[in-house]
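Structure first, commentary second.
FYI, it's all coordinate maths here, none of it is from the lab. As the structure is a prediction and not an experimental result, all values here were calculated from the model. As a convention, Cβ positions derive from the backbone with ideal geometry for all residues, glycine included, and neighbour counts pool all protein chains shown.
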Amino acid sequence: MNRQGGPLSRKRFLAGSAALLGGGALAAALPRMAQAHETGDPPSDVDVLNYALTLEHLEYAFYRDGLRRFDEQDFRSSNIFRGSGNRLRKTVYENFERIREHEDTHVDTLISVIESLGGEPVPEATYNFRTTAFTSVERFVSVAQLLENTGVSAYDGAIAHIEAAALLTAGATIATVEARHASYLNLLNGDVPFPSAFDEAVAPREICRTVDGAFIVSAPTPYGPYESLGALCARLPNTPTP
């Protein structure tokens, strides 16, 4: 789906970023990626991208399943939007659909980029949303705010660990979209859309372990190229900067 030229344009750009790594650059990167798995070296770009894919799988599943649970009338009837004005209120469901499509595009793009780098993408896990987020529209919108703000901190904490310049740019273009989502959801929840001059970068390992305990019920074993999701988390940096 291409609304206002957005998601598909981003997908083409991100896929193109991976293509830029062709030839000598990709040939040089692949041995390093393989070695990282064999020697316990710092995580490869594929490891960091699979971490991002883990989060994007989670976010997409959240919106996909949530918008099956709640329809447009449920949103319009929700008290959370009372006093927000007709213009804002009547576009909320459409905007949630747009966010869902963004997350779906992020998933597809990360899978494509990881495969183009010779890596194996991680699969979708099993999540617990029914008791944590799907009890009401109000709760759904509140958890969406938490996930999107977590996503911003996650990308901020991971991007410095990516080595390939083209992938740095690709990751940044996803991070800024996640920030737009977070600002919109802050506004819907009655909070300041942009509360501070800087966002907090959180270490990838901390984010990975947090979502594994809070939302992920189980993950396939093996988890893509890893023995388990825990094994991927253990490979990730425990600081937001190298």
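Values computed for the structure shown
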{"read-out": "Estimated FRET transfer efficiency when R0 is 35 angstrom, pair residue 238-residue 112 (beta carbons, to 0.05)", "value": "0.75"}
{"read-out": "Over 13 Å [Cα-Cα, segment 158-216], rounded percent", "value": "71"}
{"read-out": "Extended-chain gain in nm, criterion 0.36 nm per residue less alpha-carbon gap, residue 168 and residue 135", "value": "8.1 nm"}
{"read-out": "For segment 158-207, size of Cβ-based charge dipole, Lys and Arg +1, Asp and Glu -1, in debye", "value": "100"}
